[in-house]
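Contents: one structure, followed by commentary.
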Amino acid sequence: MMHERRSQGSLLQGRNRKEVLGDKRPGADAGADTGEAAELGGDSWATLLAPRIAQFTAVARHEHVTRAAQELGMPQPTLSRAIVRLEDDLGVALFARHGRTLSLTPAGRAFLASTERALTDLERATESVRADVDPAAGKVAFGFLHTLGSETVPGLIRSFRTDHPRVRFQLVQNYGEAMIERLRAGDLDLCLTSPVPDYPDLVARRLDEQKLRLVVPDEHPLAARKRIRLAEAAGELFVTLEPGYGLRRITDALCAEAGFTPRIAFEGEEAETLRGLVAAGLGVALLPPPAVPRPGVVELTVTAPRAVREIGVAWLDGHPDTPPVAEFKKFLLSRRGRLLPR
């Protein structure tokens, strides 16, 4: 703890201290207490006090400037002047002087309770962000499509953790556009999505492609077939994902290429739900292969047009990678052409 305090004091000594002129409460209403986060402008109390909190807390704990200065690794006269300036800026006596020793005033005790909480929160925040970037045990915020969640992503993480057993994952399962928005917001480091996005603020790399099949009820007249041209399904009702999902855009595009607009019986949010509805006779669907065969349906190979979806990894352009994110990104890129189970 002594070493940590000395390091903290050295950092504080290296920062520029701003003197407050005129109004002791710049830019603030003395009676306001909204509970909202402080705005850290150049004239805010938080900006003014941040370099002095550790100094005040050390003096308050020791009730002796010389011992506090030794702990902080700074000259005693410098610390004494800093405490006097702090009291002047606040317009409050925080200490009562008794020769070389000090004692907290009631205002000082109240201020100490808050500064100790602030330092504890800062210490926890520092430990948290440092832990997240640790090369061996840091965190990767990784998003992926629902259809990749049952088999592909668990297999990827299992393989990656063979060499990186302590890396932690924050996993988000969602549709493509939602994950892209979370990339932009900084909530995700990487995401697996389809189609491979093409936006100027993102970097995307194609990793693999997945064949789509026309899924029909097992009692459907087409169920006796092995292969089908998509145009032959023009008269069928389709169950599809909702607009905005990548697979829905691919379905609409393939049907248009086949010369028709699909008639929609149901729009859902999850591919296996659609497969169940096909089994119930509600319609047909263009879907990727299931992780486990589903009873009640037959899956036909589409011979024309070429029915595939590309799977890619995307990240925010210019966003610096932490060491664990860089390692996982390199791992994903090394899986080009063999990302998906065969």
Consider only pairs whose beta carbons are under 6 Å apart and that are at least six residues apart or on different chains; among these, list those whose first residue lies in the stretch 155-178 and is closer than 24 Å to PRO195 by Cβ and touching a residue at least 24 places away in the same chain (Cβ under 8 Å) and whose second residue is open to solvent by less than 40 Å² (accessible area, probe 1.4 Å) and polar (S, T, N, Q). GLY176/THR193
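In the stretch 218-231, which residues are assigned to a strand (DSSP E or B) and surrounded by 15 or more Cβ atoms within 10 Å (Cβ to Cβ)? If you could, list the steps in order and put the result at the bottom.
Residues of the stretch 218-231 that are assigned to a strand (DSSP E or B), as a first pass: 227-229.
ILE228, the sole residue that qualifies.
Residue by residue through the stretch 233-253, note down the ones that are charged (D, E, K, R) and closer than 18 Å to VAL308 by Cα. Give the steps one after another, and end with the answer.
Initial filter on the stretch 233-253 (charged (D, E, K, R)): 236, 242, 248-249, 252.
Matches in the stretch 233-253: ARG248, ARG249, ASP252.
Is there a residue being under 20 Å from the mean Cα position of the chain (by Cα) and either in contact (Cβ under 8 Å) with a residue 60 or more places away in the chain or surrounded by 15 or more Cβ atoms within 10 Å (Cβ to Cβ) (or both) anywhere in the stretch 122-132?
Looking through the stretch 122-132, at least one residue is under 20 Å from the mean Cα position of the chain (by Cα) and either in contact (Cβ under 8 Å) with a residue 60 or more places away in the chain or surrounded by 15 or more Cβ atoms within 10 Å (Cβ to Cβ) (or both).
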The one condition in (1) modelled with pLDDT of 95 or more; (2) touching a strand residue (DSSP E or B) at 6+ places or on another chain (Cβ under 8 Å) that LEU340 fails to fulfil: (1)
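Is there a residue in the stretch 170-177 that is assigned to a strand (DSSP E or B), among the small types (Gly, Ala, Ser) and surrounded by 15 or more Cβ atoms within 10 Å (Cβ to Cβ)?
Taking the stretch 170-177 as the starting set, the residues that turn out to be assigned to a strand (DSSP E or B) are 170-173.
Filter once more, so that each one left must be among the small types (Gly, Ala, Ser): none.
No, there is no match, as no residue in the stretch 170-177 is assigned to a strand (DSSP E or B), among the small types (Gly, Ala, Ser) and surrounded by 15 or more Cβ atoms within 10 Å (Cβ to Cβ).
Okay, residues lined up against (1) in a loop (DSSP other than H, G, I, E, B); (2) out of contact with any Phe, Trp or Tyr (no Cβ under 8 Å at 6 or more places or on another chain):
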{"position": "ALA110", "(1), (2)": "no, yes"}
{"position": "GLU116", "(1), (2)": "no, yes"}
{"position": "ASP121", "(1), (2)": "no, yes"}
{"position": "ASP134", "(1), (2)": "yes, yes"}
{"position": "GLY143", "(1), (2)": "no, yes"}
{"position": "PRO154", "(1), (2)": "no, yes"}
{"position": "PHE160", "(1), (2)": "no, no"}
{"position": "ARG166", "(1), (2)": "yes, yes"}
Return the pair list, or none, for Cβ contacts closer than 8 Å from residues in the stretch 326-338 that are closer than 14 Å to LEU192 by Cα to residues that are open to solvent by 60 Å² or more (accessible area, probe 1.4 Å), at least 6 apart or on different chains. LYS329/ASP321; LEU333/ARG205; ARG336/ARG205; ARG336/ARG206
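When residues of the stretch 94-108 are filtered for being touching a helix residue (DSSP H, G or I) at 6+ places or on another chain (Cβ under 8 Å) and either more than 22 Å from HIS64 (Cα to Cα) or open to solvent by 60 Å² or more (accessible area, probe 1.4 Å) (or both), how many remain? Spell out how you get there, then give the answer.
Within the stretch 94-108, the first condition is being touching a helix residue (DSSP H, G or I) at 6+ places or on another chain (Cβ under 8 Å), and the residues that meet it are 94-95, 100, 102, 104, 108.
With the extra rule that they be either more than 22 Å from HIS64 (Cα to Cα) or open to solvent by 60 Å² or more (accessible area, probe 1.4 Å) (or both), the set shrinks to 100.
The number of residues fulfilling the criteria is 1.
When you look at LEU12, is it assigned to a helix (DSSP H, G or I), in contact with a Pro (Cβ under 8 Å, 6 or more places away or on another chain), closer than 23 Å to GLU127 by Cβ and at pLDDT below 90, yes or no?
Values: assigned to a helix (DSSP H, G or I): yes; in contact with a Pro (Cβ under 8 Å, 6 or more places away or on another chain): yes; closer than 23 Å to GLU127 by Cβ: yes; at pLDDT below 90: yes.
So LEU12 passes the test.
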So, in the stretch 200-217, how many residues would count as being part of a loop (DSSP other than H, G, I, E, B) and open to solvent by 80 Å² or more (accessible area, probe 1.4 Å)? 1
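Here is a check on your reading of the model: is THR152 over 16 Å from the mean Cα position of the chain (by Cα) and open to solvent by 60 Å² or more (accessible area, probe 1.4 Å)? I'd like the intermediate steps shown before the answer.
On the way: over 16 Å from the mean Cα position of the chain (by Cα): yes; open to solvent by 60 Å² or more (accessible area, probe 1.4 Å): no.
No; evaluated as a whole, the condition is false for this residue.
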Before we move on, is VAL196 more than 13 Å from VAL298 (Cβ to Cβ), open to solvent by 20 Å² or more (accessible area, probe 1.4 Å) and not in a strand (DSSP E or B)? yes
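The values are calculated or read from the model by the stated rules, or taken from the named source; none is laboratory data. Here the structure is a predicted model, which means the values were calculated and not measured. Cβ coordinates were reconstructed from backbone atoms using ideal geometry, including for glycine residues, and neighbour counts include every protein chain displayed. The area values use the complete protein model at the heavy-atom level, side chains included, leaving out ligands, DNA and RNA. Shrake-Rupley method; radii C 1.70, N 1.55, O 1.52, S 1.80 Å.
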